[in-house]
Amino acid sequence: MNPSMTMSPAEQIVQEDLDSIAHDAGDEFTALSGRHLVVAGGAGFLGYYLVQAPLHWNRRNPARPPIRVSVLDNFIRGVPAWLTALAVDENLRLVRHDITNPLPADLGDIDYFVHGASIASPIYYRRYPIETMDANVNGLRLILDYCVTQKSAGRPVSGVLFYSSSEIYGDPTPENIPTPETYRGNVSCTGPRACYDESKRYGETLCVNFAKQHGVPIKVARPFNNYGPGLKITDGRVIPDFARNILDGADIIMLSDGSAQRTFCYVADAVTGYFKVLVRGGAGEAYNIGVETPEISVNELAARAAALGKELFGYAGKVVRKESADKDYVVDNPYRRCPIIIKARSELGYAPAVTIDEGLRRSLLWYSGNREASEA
Ligand SMILES: NC(=O)c1ccc[n+]([C@@H]2O[C@H](COP(=O)([O-])OP(=O)(O)OC[C@H]3O[C@@H](n4cnc5c(N)ncnc54)[C@H](O)[C@@H]3O)[C@@H](O)[C@H]2O)c1
């Protein structure tokens with residue numbers, strides 16, 4: 001029997017996404033073949049595909065030397081079931097490790113390093129502001145120092161990816177939307193989001209200078225509103241919140257006036273982009289990773305999600321407005337966010353293809369099979 005016939009719709013979505021990442025980042029996985037990739041923060045949302053995609057590529061390419069993957073994570077938000085289930089894979093190693101401590105001595109030489117160990121959800125980083133700063137500044141510094149040591153020892157790291165954020169642009173002025181990498185930002189250094197925004201900014205400065213001064217091959221990705229499988233239904237970001245309402249058959253709760261505008265990038269496209277940044281990106285260079293269109297309001301996003309919910313599950317709810325219990329929910333929240341991605345397109349061959357409706361449909365199907373998420 002065709003194995004896809006025994007899969008749930010949610011499992012099918014994941015398999016299709018992994019196939020598309022393995023295909024679209026095929027050259028990058030070939031470069032990683034036989035090498036040791038470390039993913040710090042691999043238990044999080046982006047880790048879901050960052051970790052699964054190379055293991056999937058190994059299974060699809062049994063004649064090639066496998067990519068060995070180590071996940072370092074302090075599991076501050078719990079150990080996800082999908083990661084525990086993967087532990088049987090002989091090419092995966094899970095290590096409980098806080099990135100603000102020196103790297104574990106028994107890890108072996110690292111060829112490629114992805115630093116995504118930082119809480120990305122505003123609700124959670126405001127709960128852990130100092131930890132968020134430490135992970136992006138002190139944690140990054142330890143990784144960069146490791147790279148310098150390895151280079152001196154004649155065992156240089158081939159590539160490092162630091163996750164910055166579109167938040168480094170703050171609330172861009174209208175003439176800087178859509179936003180290119182050259183925009184310097186409009187950011188508060190003391191507001192409720194500053195722990196995140198400013199530590200990402202300082203992190204980028206560290207990257208540029210370690211690239212220049214020590215030749216560390218560190219590259220920077222600036223993600224713009226990624227969503228999709230792996231993003232826990234309890235995360236507090238807007239798409240999983242709407243998905244939960246829809247799957248519960250409840251009204252969609254709008255915690256803002258819904259006028260803020262965003263472009264939303266489906267995670268399979270984004271993760272393909274991240275592997276391209278890691279392998280092909282220029283040292284000390286930053287790349288916007290997102291999509292240019294359509295830029296839609298959160299109200300429109302809710303309407304599209306509700307319409308898809310109706311089509312998929314017979315959803316009949318409406319959108320209702322409520323005040324958030326969190327008084328900082330929308331403080332310093334950028335009004336518009338939309339990237340220019342010409343640099344990633346032309347230098348890396350990044351080519352996001354999943355439309356917003358298709359991405360939302362895939363997300364809702366994935367959430368229908370992943371309605372529970374443990375939260376530490
Ligand atoms: N998802 C997005 O749209 C987006 C947007 C902008 C930036 N980013 C950045 O991408 C990276 C990954 O984002 P995500 O959405 O997967 O975040 P996430 O919050 O879902 O996952 C982060 C992971 O890092 C781990 N972690 C946090 N602090 C750690 C520490 N000190 N040591 C070890 N592990 C630690 C957490 O346990 C978690 O598993 C982050 O750096 C984030 O800032 C993501």
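Every read-out reported here was derived from the displayed coordinates using simple, explicitly stated rules and does not represent laboratory data. Computed from a prediction, not measured in an experiment: that's the story for all the values here. Glycine gets a Cβ as well: all are built from the backbone with ideal geometry, and neighbour counts include every protein chain shown.
Which lysines, if any, have their Cα less than 19 Å from the Cα of K318, not counting same-chain residues under 8 positions apart?
The reachable lysines, counting only those whose Cα sits under 19 Å from K318, are K310.
What Kirkwood Rh does the stretch 86-240 have if only Cα atoms enter the pairwise 1/r average? Answer in Å.
17.0 Å is the Kirkwood radius here.
If only Cα atoms are counted, what is the Rg of the stretch 124-179, and what is its Dmax, in Å?
16.2, 49
Where a Cα-Cα gap under 26 Å defines reach, which lysines qualify for K200, not counting those fewer than 8 residues away within the same chain?
List returned: K151, K212, K219, K232, K276, K327, K343.
Let me know the whole percent of all Cα-Cα pairs from the stretch 144-222 that are separated by more than 21 Å.
38
Please list 3J(HN,Hα) in residue order for the stretch 214-229, calculated via the Karplus relation 6.51 cos²θ - 1.76 cosθ + 1.60 where θ = phi - 60°; whole Hz, with x for glycine and proline.
Using θ = phi - 60°, the values come out as 10, x, 6, x, 9, 10, 10, 10, 10, x, 10, 6, 7, 8, x, x Hz.
Only loop residues by DSSP count here, and only those with at most 14 other Cβ atoms within 10 Å; note down the GluC sites (Glu not before Pro) in the stretch 6-38 that meet that.
Passing both the DSSP loop test and the Cβ count: no residue.
Using θ = phi - 60° and the Karplus form 6.51 cos²θ - 1.76 cosθ + 1.60, what ³J(HN,Hα) does each residue of the stretch 272-285 get, whole Hz, x for Gly and Pro?
4, x, 5, 5, 5, 4, 4, 8, 9, x, x, 4, x, 9
So which aspartates and glutamates can K322 reach, going by Cα to Cα under 20 Å and dropping same-chain residues fewer than 8 places off?
D235, D241, D248, D251, D257, E300, D332
Need one number: nm distance between label points at M7 and A87, each 7 Å from Cα along Cα→Cβ, rounded to one decimal.
2.5
How large is log10 of I(q)/I(0) for the stretch 177-311 at q = 0.20 Å⁻¹ when the intensity is taken from the Debye formula with one equal scatterer per alpha-carbon?
The computed values of log10 I(q)/I(0) come out as -1.30.
Of all the stretches in the chain, which is the longest one without any exposed loop site, taking trypsin sites (Lys or Arg not before Pro) in a DSSP loop (any state but H, G, I, E, B) with at most 11 other Cβ atoms within 10 Å?
The answer is 1-183.
Classify the stretch 59-137 as rounded, prolate or oblate from the Cα gyration tensor: take a ≥ b ≥ c as the square roots of its eigenvalues, call it rounded if a/c is under 1.5, otherwise prolate when a/b beats b/c and oblate if not.
prolate
I'm checking a number: the convex hull volume of the Cα atoms of the chain, normalised per residue, in Å³. What is it?
Roughly 130 Å³ of hull volume per residue.
For T100, which sequence-distant residues (separation of 5 or more, or a different chain) have an amide H within less than 5 Å of its own amide H, given hydrogens modelled in the peptide plane?
none
Which residue, A81, A211, A302, tops the fluctuation ranking in a GNM of the chain built on C-alpha contacts under 10 Å?
Of the options given, A81 has the highest mean-square fluctuation.
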